[in-house]
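This report concerns only the one structure given below.
The values are calculated or read from the model by the stated rules, or taken from the named source; none is laboratory data. In this text the structure is predicted, and so the values were computed from the model without any measurement. Every residue, glycine among them, receives a Cβ derived from its backbone with ideal geometry; neighbour counts consider all protein chains shown. The accessibility values were calculated without ligands, DNA or RNA, using every heavy atom of the protein model including side chains. Shrake-Rupley method; radii C 1.70, N 1.55, O 1.52, S 1.80 Å.
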Amino acid sequence: MSPPVITAFDWVPDFARGQVRDLRVRWALEEIGRPYTVRYLAQGEQKQPDHRARQPYGQVPTYEDGTVTLYESGAIVLHVAQGTALLPSDPAAHAHALEWSFAALNTLEPPIMDQSIATLFEADKPWSAPRLPAIQARIRERLAETAARLGDREWYRGAFGAGDLLMIAVLRILRDDSLLAEHPTLGAYVARGEARPAFQRALAGQMAGFTGAPPPGFAAWLEQHERREGAAA
């Protein structure tokens, strides 16, 4: 059987490297020892009809294994995890892995991404700065609840699983943010995930794939963003 094919970008800004969601799929595949290949897209190609036939929202990653074509990193990770130790066959353990996965993607990630939108992608909009305190308050609340539920356990429920993979992937978005530093147990949880050999291989693979060039207009956008950052400081 041919190895699955995933899609990834051949270039993203420095702040996004190590965060693009194909990393989650690479990590799951590395955990189960399944070889895969990568189809790299230049910025802009994700919006073209050929890619939109696989991913209607014009994003990455996608996944093709000869029998199924999928988009959405969470769906792909859970598909890859089926029948492996990442997603136990025991009904209760299986349900808890799904529980933690959806908590990561549906409850924790949305306010974290709202912060990214307000501070990066829409930082020049008049509504962003007034919204930021409320966004950060929601993130603090969700992090406190996540820390309380995890407690002092190494992983969420027993052995490392798909739920841990997705939760750590979401928490990593804040890895250099003081909001995560307020919760040492979550910081340690992320560090344990990042120390896994499969994660290290996945991260190295993603970083090695950034061989492309930035799209037209990026330099001007970056200059404007850095000017705003300097003014805010």
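Going through Leu108, Leu78, Leu98 one at a time, which residue ends up being touching a residue at least 60 places away in the same chain (Cβ under 8 Å) and open to solvent by 40 Å² or more (accessible area, probe 1.4 Å)?
None of the other options fit; the residue is Leu98.
Here is a list of conditions, (1) of a type in the set (D, E, K, R); (2) within 16 Å of the chain's Cα centre (by Cα); (3) open to solvent by 50 Å² or more (accessible area, probe 1.4 Å), and Asp114 meets all of them except one; can you say which number that is?
Single failed check for Asp114: (3).
Would you mind stating whether Leu70 is under 17 Å from the mean Cα position of the chain (by Cα), open to solvent by 10 Å² or more (accessible area, probe 1.4 Å) and farther than 16 Å from Gly163 by Cα?
yes
Given the criteria open to solvent by 10 Å² or more (accessible area, probe 1.4 Å), in a loop (DSSP other than H, G, I, E, B), modelled with pLDDT under 95 and of a type in the set (Lys, Arg), does Arg157 qualify?
So Arg157 passes the test.
Can you find, within region 124-149, the residue that is most open to solvent (accessible area, probe 1.4 Å) among those that are over 30 Å from Arg227 (Cβ atoms) and in contact with a Leu (Cβ under 7 Å, 6 or more places away or on another chain)?
Here the residue is Arg142.
Just checking, how many residues over region 1-59 are touching a Leu at 6+ places or on another chain (Cβ under 7 Å), open to solvent by 20 Å² or more (accessible area, probe 1.4 Å) and farther than 20 Å from Ser116 by Cβ?
So the count comes out to 4.
What is the residue count in region 81-95 for residues that are of a type in the set (S, T, N, Q) and open to solvent by 40 Å² or more (accessible area, probe 1.4 Å)? First the steps, then the outcome.
Filtering region 81-95 down to residues of a type in the set (S, T, N, Q) leaves 82, 84, 89.
Narrowing further to those that are open to solvent by 40 Å² or more (accessible area, probe 1.4 Å): 82, 89.
Within region 81-95, residues that are of a type in the set (S, T, N, Q) and open to solvent by 40 Å² or more (accessible area, probe 1.4 Å) number 2.
Counting residues that are touching a residue at least 60 places away in the same chain (Cβ under 8 Å), which strands (runs of 3 or more DSSP E) fully inside region 1-72 reach at least 1?
Correct list: 5-9, 37-41, 62-64.
Name the single residue, out of those in region 183-211 being open to solvent by 20 Å² or more (accessible area, probe 1.4 Å) and not in a helix (DSSP H, G or I), that is farthest from Arg26 (Cα to Cα).
Here the answer is His183.
Go through (1) modelled with pLDDT under 95; (2) touching a Phe, Trp or Tyr at 6+ places or on another chain (Cβ under 8 Å); (3) under 20 Å from Gly74 (Cβ atoms) and name the single condition Leu120 misses.
(3)
Is there any pair linking a residue in region 156-182 that is closer than 14 Å to His94 by Cβ to one that is open to solvent by 50 Å² or more (accessible area, probe 1.4 Å) and assigned to a loop (DSSP other than H, G, I, E, B), with Cβ under 8 Å and at least six apart or on different chains, and which?
From residues that are closer than 14 Å to His94 by Cβ, the pairs are Ala159/Ala85; Gly161/Ala85; Gly163/Arg157.
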